1. How many nm is it between the label spots at residue 13 and residue 103, if each spot is 7 Å from the Cα in line with the beta carbon?
2. Kindly identify segment 1-88 as rounded, prolate or oblate by the Cα gyration tensor criterion: order the square roots of the eigenvalues as a ≥ b ≥ c, call it rounded if a/c is under 1.5, otherwise compare a/b with b/c, prolate if a/b is larger, else oblate.
3. If you only keep lysine pairs separated by 8 or more in sequence, or across chains, how many in segment 4-93 come under 29 Å at the Cα atoms?
Amino acid sequence: MLAGSEIRFLRKLCGYSINDFAEIVGSSKSVISQWEKKGCGKGTDRIVRLLAMAKLTRETAGEPEPILRNVTVEQLNGMLDETFKRIEGKAKASERYVIDPEEIARYTGTVEAQPELVGSAIQ
């Protein structure tokens, strides 16, 4: 279970004011303050974790955040599934990375060329 300080950290990490956070989870500012002082129950713990994960995942995908109000676990799970599918689709469609053996050697400290990597693409 999240400690109060961890709840506060996740709220701030996501950039939510205490009022925004209260509106999103369908609660009041005073209840959020209590969670941030004493922790919360199992159901609320799950919502807080999913909310933080959904927010950060959507940012990673480069997508604007939808307007959230009084979300449920099911809604957050659905948002996460959709976002992960979009991220996966973008990665499969266009992202390929080529790393030169000299670059690998620079960071690994090896001076030998690695012929199996020359000209290969690493995804």
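1. Result: 2.9 nm between the two label points.
2. prolate
3. Count of close lysine pairs: 18.
No lab work stands behind these numbers, since they all come straight from the coordinates. Predicted model, so just to flag it, every value in this text is computed and none were measured. For neighbour counting, all protein chains shown are included, and Cβ atoms are generated from backbone atoms with ideal geometry for every residue, glycine included.
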